[in-house]
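Step one of this worksheet: look at the structure below.
The values are calculated or read from the model by the stated rules, or taken from the named source; none is laboratory data. In this text the structure is predicted, and so the values were computed from the model without any measurement. Here the Cβ is made from the backbone with ideal geometry for all residues, glycine too, and neighbour counts use every protein chain on show.
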Amino acid sequence: MLSPGAQRQKKASNTDNKKGKNNMECNKERNLKNCNCTYEPCPRKGICCDCITYHKKLGELPACFFDDSAEKTYDRSIGHFVRLNR
Ligand code: SF4
């Protein structure tokens, strides 16, 4: 019988593939159906984990946090989001 900590560790390792990366499939096509981002050259469209990581590093939020008119300003700052949602 494994301890609760060992069980959690085993469960986590089951999600890793041989390269040590998460084995979960990306739902890019499904994500694109819900993506309102109009910045066409972006290579991260539909790859939400990359999108969030990119904008988080910049202190921003992804396009999908904004309605369509706000999204088109490309101001993805947290301040912009707060001003719109007071
Ligand atoms: S929100 Fe940003 S990272 Fe995400 S698809 Fe649009 S431009 Fe790319």
*One residue from Gly46, Gly20, Gly59 being on the phi > 0 side of the Ramachandran plot, away from the ligand (no atom under 12 Å from the Cβ) and either touching a Lys or Arg at 6+ places or on another chain (Cβ under 8 Å) or at pLDDT 95 or above (or both)*: Gly59
*Quick one: in the stretch 30-76, which of the residues that are more than 14 Å from the chain's Cα centre (by Cα) and among the acidic types (Asp, Glu) is surrounded by the fewest Cβ atoms within 10 Å (Cβ to Cβ)?*
Glu40
*If the Cβ limit is 6 Å and pairs must be 6+ apart or interchain, which residue in the stretch 49-63 that is free of Cβ contacts under 8 Å to residues at least 24 places away in the same chain pairs with which residue that is among the aromatic types (Phe, Trp, Tyr) and more than 9 Å from the ligand (Cβ to nearest atom)?*
Leu61/Phe81
